[in-house]
Every structure is written in C-alpha cells, then in structure tokens.
Amino acid sequence: MFDAAVCQCDLPEGLAEKIKVCNATYVTRFGVRLRGRMHTFTGWRSVHSSHNRPAKGGIRFAQDADQDEVEALAALMTYKCALMRLPFGGSKGALRIDPSEWSEVELEKITRRFAQELLAHEFLSSASNVPAPDMGTTELNMMWIADEYRRSRPQDVNALACVTGKPVGGGGIEGRTEATGRGVQFAMREFFRHESDRGRAGFRDESLAGLTCVIQGLGNVGYHAAKFLSEEDGVKIVTVIERTGVVRNADGIDIEALKTHLLKTGSVAGFAGGEISAPDMGALCDACDILIPAAAEGAITSENADGIRARLIVEAANGPVTKAADAILRERGVVIIPDLFANAGGVVVSYFEWVKNLSHIPFGLMERRLEEDEHRLLARSLEQMTGRTFPVENSRYLEGRSEITLVRSGLDDVMRAAYHRMTTLWNAGNGRYADLRTAAYAIAIDEVAEAYRAIGL
C-alpha cells in the first residue's frame with residue numbers, strides 16, 4: 001500500500017526508502033515470578049519514525065504478537081499521525097501474552113515489569129515515546145505504566161504525559177475511551193457529506209438513517225462505533241460478529257443491551273435481542289450497506305473479498321483488509337474508508353490528553369464560566385428585545401463548554417480537515433489516486449518528507 005502511493009510522490013532519491021523502513025525495534029525477554037515459578041515474557045517496542053517527537057503508538061497484549069506485526073503497526077502510526085497532522089512519529093509495542101489467562105494482580109506485575117524494560121532503554125517518556133491502550137490493554141494498564149514511570153523519574157513534572165489513555169482520575173481526558181469509535185462515526189458522517197464520494201458507493205442521501213450495517217468485533221472500538229451510529233444516526237446494526245458467536249436482527253440490534261449481556265455472561269449465547277449462531281467469519285458477507293471490521297487485522301482476504309456485499313467498508317480496526325483483498329474490492333467498486341483515517345480518533349484524542357498533561361490545566365477551565373455568563377446575557381437581551389422566552393430546546397447554548405464537548409469538537413474538526421485533504425486528492429488527481437487509501441498514504445508520505453526536508457535531509 002505504501003509502494004502504490006509513494007510512486008505518486010515527488011521525493012528525492014533514497015528518501016522513500018528512509019521513510020518506509022522502521023528506525024528501531026527493541027526486543028525484551030524478561031522474567032516475572034508468578035504462581036510459585038519464574039515466567040518469561042517476550043515484548044517489543046518499535047519506532048518507525050521520529051521525524052516528529054515523541055513517537056506515538058499503542059501497546060497490545062496478544063498471544064500471536066510478533067516483531068513483523070509490531071513494525072507494520074508502527075509504520076501505520078507514522079502515516080496515521082502524518083495524515084491527521086499530529087506532531088508525532090510512529091511507534092508500536094506488544095507483549096506476547098493472553099491477558100485472559102492472568103489475574104489483575106498478575107497483569108499489574110507483568111505490565112510494570114514491561115514498563116521498567118521500556119524505561120531502561122528510553123522507549124518511554126513524554127518527550128520521546130508515548131504508548132496508549134491497544135488490543136488486550138486498557139486504561140488500567142496505562143495507569144500502571146504511568147505510575148511506574150513516576151516512581152522511576154519522580155523529578156519529571158510531565159511524568160503523566162508518558163502515556164495516554166489513562167483513566168480521567170489518573171490524568172486522563174474525558175472522551176478518550178470512546179474516541180476511536182467516535183472517530184469512526186465522524187469519518188462516516190464526513191464521507192456522506194460529499195456527494196461525489198458517497199455517489200461512488202451508490203448512496204444518494206447524506207443521511208445515514210435507515211442504512212444497514214454489519215460490524216465485526218464489539219470491543220471498545222466496535223461497541224462505541226455501533227452505539228453512536230445506531231443511537232445518534234439511525235443506522236441499523238443487523239449483524240454483530242463476535243468471537244463467541246454471531247448475532248443477527250434484521251430490525252436492528254440493541255447494542256447497549258448486547259454489550260451489557262456480553263459483560264455479564266462473557267458470550268453472545270442467550271442474548272434475547274437477535275438470532276444467535278456459532279462463530280462464523282462468513283457473516284462478513286451478510287447483506288448490508290456498510291461493513292465495519294473493528295477487530296483484528298487481516299479479517300478480509302482474497303478468499304472472502306468476492307463475497308462481501310457491502311457497498312462501503314469502514315476500517316475501524318488496523319489493517320483489516322489485506323492488500324490482495326483491497327485490489328479485489330476496488331475492482332468491484334466497493335469503497336473503503338481506510339484505517340489510517342477511520343481508526344485515527346484514538347490518537348487524535350490521545351494528542352489532546354498529552355497536551356493537557358503537559359499544560360497541567362483542564363480544557364475549558366479558564367473560559368467556561370465567562371462564556372456561560374456571556375451567553376446568558378445575550379439570551380436575556382434577546383428576550384427583552386423580542387418579548388419572547390428563549391427556546392428550551394436551545395438551552396445547551398447557555399451552558400459553558402465542558403471538556404468532553406471540547407474534545408468531541410476538536411476530534412470532529414481534525415477528522416473533517418483530514419478527509420477534505422483526502423477527497424481533494426482523490427477527486428482532483430487526474431486518476432493518479434485510485435482510492436481514498438492511496439490518497440491518504442500519499443498525503444502522509446508527503447507530510448513526513450516535508451519534515452525531513454525541513455531539517456535538511
């Protein structure tokens with residue numbers, strides 16, 4: 001995918017190869033004494049690019065993690081941050097572990113030990129490398145890492161900025177948990193605002209109401225995307241594909257009820273709000289308007305791409321469509337909103353959290369009450385001038401902006417601006433850019449190249 005885009009970029013000889021390769025990968029094998037014996041764990045932290053610092057990217061806990069995957073995901077983070085114009089390089093980390101096999105107390109010991117290794121080799125700090133949650137990790141893991149960093153570097157006043165995705169009570173920011181799912185929603189809204197783009201996928205109307213959707217994975221990203229799209233935009237989630245089974249309901253699945261059931265029982269079995277069947281990735285080929293793969297990478301391959309019936313695929317996961325499948329789908333006219341854009345909500349709000357930690361002041365604190373007083377004064381003036389009461393439905397205007405409101409507003413703005421750059425290139429590129437993905441990669445590569453040019457490389 002990089003190679004398909006870079007040939008459209010005017011780069012000095014050798015720069016494309018420099019941008020493509022991973023700068024450094026640290027491999028660690030450390031021991032933790034648990035359950036009466038020593039257990040050895042293997043972990044990685046890869047920095048793809050440090051053209052901007054710090055390098056940014058999540059840490060995942062997964063049994064099938066390996067170095068190639070970590071380096072590929074680090075590269076994706078470089079392009080994602082460049083596309084969104086965030087001042088970060090790309091990084092990624094992983095620990096080869098199944099978190100479900102360990103208790104919370106044991107996971108804390110393992111996570112803190114991994115953090116110590118990252119610290120010892122300068123792969124963790126607010127200025128050089130900033131992790132975040134990913135598959136298999138949560139805000140709790142990030143808080144353990146942040147606390148371990150503070151213990152090691154008590155003199156660092158910006159210690160909390162060494163990771164993002166922390167709980168709000170531990171220096172996090174409101175809206176971070178929902179951020180990637182919210183970003184998927186904003187990405188889809190922006191796509192549908194562009195008549196020429198939605199027309200390529202066969203959609204006439206800007207509204208998403210009534211469109212049918214299949215979603216793979218009801219983890220953090222999939223749950224929030226499905227919840228917001230169904231509750232706020234009227235999208236009917238007709239199929240949910242989970243590792244414990246498939247849920248179908250032609251009238252739309254109650255996502256909140258399904259998530260509650262999953263958390264309570266650990267399985268989709270017994271859920272009363274739809275037809276339940278055995279786990280089956282073939283459900284990706286269910287009839288729908290929109291398909292949202294929101295789980296692991298490589299879900300859509302050359303083997304199942306021909307069976308996909310959705311007109312639009314929104315890559316809520318990292319790398320859910322393989323290169324071979326991408327070519328098949330493009331040939332069939334299926335439009336794909338690529339992961340380096342659709343999945344970027346998390347890193348955008350992580351940027352806001354990082355800035356909040358560095359500035360040591362909550363967003364909106366200085367202006368909230370002043371803004372509220374000004375709005376109330378204006379409302380009273382309008383009431384006096386017109387003799388009418390200010391409309392109740394507009395009462396939100398009288399409230400000062402909260403942190404969550406500002407976070408959502410900022411995320412929406414960054415997503416809209418990035419999409420505008422993508423669609424401009426896609427539609428005005430004289431056919432040079434085959435799809436949104438190629439346009440997105442070309443923009444990201446040029447952004448990184450400009451950073452290198454600025455320092456004389």
- Test: residue in the stretch 25-38 that is surrounded by 14 or more Cβ atoms within 10 Å (Cβ to Cβ), modelled with pLDDT of 85 or more and in contact with a Gly (Cβ under 8 Å, 6 or more places away or on another chain): yes
- Please indicate, with yes or no, whether at least one residue in the stretch 305-318 is in contact with a helix residue (DSSP H, G or I) (Cβ under 6 Å, 6 or more places away or on another chain) and at pLDDT below 95. yes
- Task: Could you tell me whether the stretch 148-163 includes any residue that is in contact (Cβ under 8 Å) with a residue 24 or more places away in the chain and either assigned by TED's automatic domain parsing to the domain that holds Glu315 or under 25 Å from Glu297 (Cα atoms) (or both)?
- Result: yes
- Item | Cross-chain or 6+ apart pairs with Cβ under 7 Å, the stretch 106-117 first and over 18 Å from Ala159 (Cβ atoms), then in a helix (DSSP H, G or I) | Leu107/Pro99; Glu108/Trp144
- Message: Pull out all pairs, ordered by first then second residue, where Cβ-Cβ is under 8 Å, the residues are six or more apart or on different chains, the first lies in the stretch 58-78 and is free of Cβ contacts under 8 Å to residues at least 60 places away in the same chain and outside any strand (DSSP E or B), and the second is among the basic types (Lys, Arg) and surrounded by 24 or more Cβ atoms within 10 Å (Cβ to Cβ).
- Response: Val70/Arg45; Val70/Lys92; Glu71/Lys92; Ala74/Lys92
- Query: Give me the pairs: first residue in the stretch 401-420 and in contact (Cβ under 8 Å) with a residue 24 or more places away in the chain, second residue part of a loop (DSSP other than H, G, I, E, B) and surrounded by fewer than 16 Cβ atoms within 10 Å (Cβ to Cβ), beta-carbon distance under 7 Å, and six or more apart or on different chains, which are they?
  - Reply: Glu403/Pro362
- Task: Please work out which residue is nearest to the chain's Cα centre (by Cα), limiting yourself to the stretch 401-457 and to residues that are in a loop (DSSP other than H, G, I, E, B) and under 30 Å from Leu365 (Cβ atoms).
- Result: Ser402
- Task: Please go through the stretch 159-185 and pick out each residue that is outside any loop (DSSP other than H, G, I, E, B), of a type outside the set (Val, Ile, Thr) and surrounded by 24 or more Cβ atoms within 10 Å (Cβ to Cβ).
- Result: Leu160, Ala161, Cys162, Ala179, Gly181, Arg182, Gly183, Gln185
- Task: Among what's in the stretch 381-400 and is charged (D, E, K, R) and either modelled with pLDDT of 85 or more or surrounded by 12 or more Cβ atoms within 10 Å (Cβ to Cβ) (or both), pick the residue that is nearest to the chain's Cα centre (by Cα).
- Result: Glu399
- Message: Please return the ranges of helices (runs of 4 or more DSSP H) entirely within the stretch 274-362 where 1 or more residues are assigned by TED's automatic domain parsing to the domain that holds Val247, basic (Lys, Arg) and touching a residue at least 40 places away in the same chain (Cβ under 8 Å).
- Response: 323-331
- Task: Any chance you could count how many residues in the stretch 219-261 are in a helix (DSSP H, G or I) and in contact with a strand residue (DSSP E or B) (Cβ under 7 Å, 6 or more places away or on another chain)?
- Result: 7
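The values are calculated or read from the model by the stated rules, or taken from the named source; none is laboratory data. Note that this is a predicted model, so its numbers are computed, not measured. Every residue, glycine among them, receives a Cβ derived from its backbone with ideal geometry; neighbour counts consider all protein chains shown.
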